[in-house]
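Have a look at the structure below, then the notes.
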Amino acid sequence: MNEWIDLRSDTVTRPTPEMRRAMAEAEVGDDVYGEDPTVNRLEERSAALFGKEAALFVPTGTMANTIAIKLHTRHGEEVICDSRSHILNYELSMVAWFAGCVARPVPTPDGILTWDAIRAEIRKTSPHWAPTGLIEIENTHNMAGGTVYPLGTVAEICDHTHGMGLKVHMDGARVFNAAVALGVELREIAAPVDTVSFCLSKALGAPAGSMLVGTAADIAQGRLYRKRLGGGMRQSGVLAAAGLIAIEEHPSLLAADHANARKAAAALAAIPGVSLDPASVRTNIVIFGVSGTGVAAEEISARLKARGVLLNAISPTHMRLVTHYDVDASAVDRAVALFAEAIAV
Ligand code: TLP
């Protein structure tokens, strides 16, 4: 397993020895009764970091987003999101399944919604239209290549949205990467939005778990939705212990992931047939086109696997490379060299 260079996602990291030790030694209780001290500490610390009243520990990012969407909407409403958003494309229609809403996708060049783009899609109740219930923004934006919302763009979206009595949820699965890229505190990113979900098990390296932060009232209600979804986890302090290390110590590792992604992007862009603007790479995700190589993305993926590199095709013509703490700069260099070899056969 260790010999693979695994660039499929930052979900593939294994917990560090320090995390495993903390998990083994974690103080635990029954979290459904609110009695797990390690989960409580993780929730308090997360709320403080994001400048929100409360936080909820959930098993996955999908559950955090699902709860947030349910909190802010009523059945039959629309959720405005970018057309490549995770909630629309990779969460098994939970917007419809749990919240009873439909997604209203808005195409953007870079995954970043603006108020102008959103305004055109806002609908009031009418004999024909479902009203808008929520605006959802993804920061960083996964399938647009780890792009980052400028603070001013989020502030403008929230000002107008709140003025209309609507809420904004941020899918911040990788919001720690956004904070590093912008050089700002998490609370600055979170300040204008109503709820933020973030993942402990992506770039931050915990084995499982995500958080939802927001008002005390929203999180109290969210706790009930978590139970409905089967997310009441009892002695989950064994997981929260790793989550605490993820949020306290691993953000300092992200700058290296970003540097490795930029390096990979520069090297890939120099390969004939690859389409990629290296300047667009701000965090740990590189999306690039391969149609100019004459080899289908799935075929490149298979050829790379035979060479010990795991890299996903995300469409017939595009691939995604994600850096994380389990791949160092030399492994990334080797992967790019093997990519050049794989398309040349
Ligand atoms: N993303 C995964 C896959 O599902 C695509 C990945 O490998 O990147 N929001 C965003 C922006 C995400 O990227 C993901 C996971 C989630 C939510 C969902 O998190 P989980 O997998 O914990 O449900």
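A few points about this structure:
- Residues of the range 142-162 satisfying the condition of being under 21 Å from A120 (Cα atoms) and either of a type in the set (S, T, N, Q) or not in a helix (DSSP H, G or I) (or both): Y149, P150, T153, T161
- Put simply, of M23, M19 the only residue that is open to solvent by 10 Å² or more (accessible area, probe 1.4 Å), at pLDDT 95 or above, under 15 Å from G209 (Cα atoms) and away from the ligand (no atom under 16 Å from the Cβ) is M23.
- Candidate set from the range 72-114 (those that are small (G, A, S) and outside any strand (DSSP E or B)); member that is most open to solvent (accessible area, probe 1.4 Å): S93
- In the range 165-175, the residues that are within 12 Å of the ligand (Cβ to nearest atom) and assigned to a strand (DSSP E or B): H169, M170, D171
- When restricted to residues that are touching a strand residue (DSSP E or B) at 6+ places or on another chain (Cβ under 6 Å) and open to solvent by less than 10 Å² (accessible area, probe 1.4 Å), the range 317-326 contains 3.
- Among the residues of the range 314-345, those that are within 16 Å of the ligand (Cβ to nearest atom) and either basic (K, R) or part of a loop (DSSP other than H, G, I, E, B) (or both) comprise I314, S315, R320, T323, H324, Y325, D326, V327.
- Test result for E44, assigned to a helix (DSSP H, G or I) and among the acidic types (D, E): yes
- Residue match in the range 148-164 (condition: closer than 30 Å to L276 by Cα, within 12 Å of the ligand (Cβ to nearest atom) and either assigned by TED's automatic domain parsing to the domain that holds T114 or surrounded by 16 or more Cβ atoms within 10 Å (Cβ to Cβ) (or both)): no
- Filter result for L204 (in a loop (DSSP other than H, G, I, E, B) and either among the aliphatic types (A, V, I, L, M) or out of contact with any strand residue (DSSP E or B) (no Cβ under 7 Å at 6 or more places or on another chain) (or both)): yes
The values are calculated or read from the model by the stated rules, or taken from the named source; none is laboratory data. These numbers were taken from a predicted model, which means no experiment stands behind them. A quick note on method: Cβ atoms are made from the backbone with ideal geometry, for glycine too, and the neighbour counts reach across all protein chains shown. What goes into the accessible areas is simple: the full protein's heavy atoms, side chains included, and nothing from ligands, DNA or RNA. Shrake-Rupley method; radii C 1.70, N 1.55, O 1.52, S 1.80 Å.
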